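Asks: Here it is, the structure, as structure tokens.
Nothing in this text is a laboratory measurement; each read-out follows from the coordinates by a stated rule. Note that the structure is a prediction, hence the values are computed from the model and not measured. Don't worry about glycine lacking a Cβ; one is built from the backbone with ideal geometry, like all the others, and counts go over all protein chains shown.
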């Protein structure tokens, strides 16, 4: 797309061209329509909720205890 060293400045024409290329690239991902029937799961395909024992097995018993008994609110982003 842009073949200049990072320190180099773009001309107005280069910036406009670069912007159009980025806009075209982003347009590929915007307004993507997906049919509802494509994502719909039947009741048979929906897995049942997992048990507390299965959660302990997956995350490790000590991690499970730390979260359940710790009383600390974890950050969503951590």
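Asks: Pairs needed: first member in region 19-31, part of a helix (DSSP H, G or I); second member anywhere, surrounded by 10 or more Cβ atoms within 10 Å (Cβ to Cβ); C-beta distance under 9 Å; at least 6 residues apart or different chains.
Replies: Listed pairs, sorted by first residue: 21/2.
Asks: In region 7-18, what count of residues is obtained for those that are surrounded by 10 or more Cβ atoms within 10 Å (Cβ to Cβ) and either touching a residue at least 24 places away in the same chain (Cβ under 8 Å) or outside any loop (DSSP other than H, G, I, E, B) (or both)?
Replies: Count: 5.
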